[in-house]
1. What is the number of the single condition among (1) in a loop (DSSP other than H, G, I, E, B); (2) in contact (Cβ under 8 Å) with a residue 24 or more places away in the chain that Leu106 does not meet?
2. Considering segment 89-107 alone, what residues qualify as being charged (D, E, K, R) and surrounded by 15 or more Cβ atoms within 10 Å (Cβ to Cβ)?
3. Restricting to segment 1-21, give me the number of residues that are out of contact with any Ser or Thr (no Cβ under 8 Å at 6 or more places or on another chain) and not hydroxyl-bearing (Ser, Thr, Tyr).
4. Would segment 49-58 turn up any residue that is within 27 Å of the chain's Cα centre (by Cα) and not aromatic (Phe, Trp, Tyr)?
Amino acid sequence: VSLSWNATTVPCFATSAPANPNWTGTLPFSSSVAVTESVPGTYTYTITCGSGALTAQASVQITYDVRPVATASLSASAASVNVNEPVTLTWGSTNAGDCVASSSPLDMTWSGSLGPSGVAAVTSSAVGTVTYALNCNGATAQVQIQYQPVVSAPNPSPSPAVSLSADATTRTVG
């Protein structure tokens, strides 16, 4: 927060409650100072300029809130699929800004920077479990997808068949 002031009388003195080392002591008649607090709460910054009957005072109150907690969520349209079958990942976050995608083992379809929410299709050509992870400003979420081998149906047995042929249909006896 930047505190700015302009006074028509001097000297000027700064005080704050609770005390802030950046807002204390003698100040020039016009300037600005950046102040910040590390503990949530309401802080009062006061400047008093002049002396005796020619004294002016101004105060401002600033409330510092607790930093909102970031959250992240990640879900998959399926937990187990055949290899090369796409799965839809849906993610979202709050109070986090952009997110970073990663996977183990590495899947290039789920890697790098992402927006705060969205949908993406992922797939794997390898049999096994892939863990898809999301990190949004320290908030994390993950899902695991099991990729299974494609099991092909056995070829049906051929139906019984027989064929018969003759090289002629009429012959002389003897």
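1. Answer for Leu106: the failing condition is (2).
2. From segment 89-107, those charged (D, E, K, R) are 98, 107; that's our starting set.
Asp107 - this is the single residue of segment 89-107 that is charged (D, E, K, R) and surrounded by 15 or more Cβ atoms within 10 Å (Cβ to Cβ).
3. As a first pass, look at segment 1-21 and keep what is out of contact with any Ser or Thr (no Cβ under 8 Å at 6 or more places or on another chain): 8, 10, 18-21.
Right, trim to not hydroxyl-bearing (Ser, Thr, Tyr) and you get 10, 18-21.
The qualifying residues number 5.
4. Just the residues of segment 49-58 that are within 27 Å of the chain's Cα centre (by Cα), to begin with: none.
Checked against the condition, which is being within 27 Å of the chain's Cα centre (by Cα) and not aromatic (Phe, Trp, Tyr), segment 49-58 yields no hits at all.
Every number here is computed from the coordinates shown, using simple stated rules; none is lab data. Everything numeric in this text was worked out from a predicted model, so none of it was measured. With ideal geometry, Cβ positions are generated from the backbone for all residues, glycine too; neighbour counts draw on all protein chains shown.
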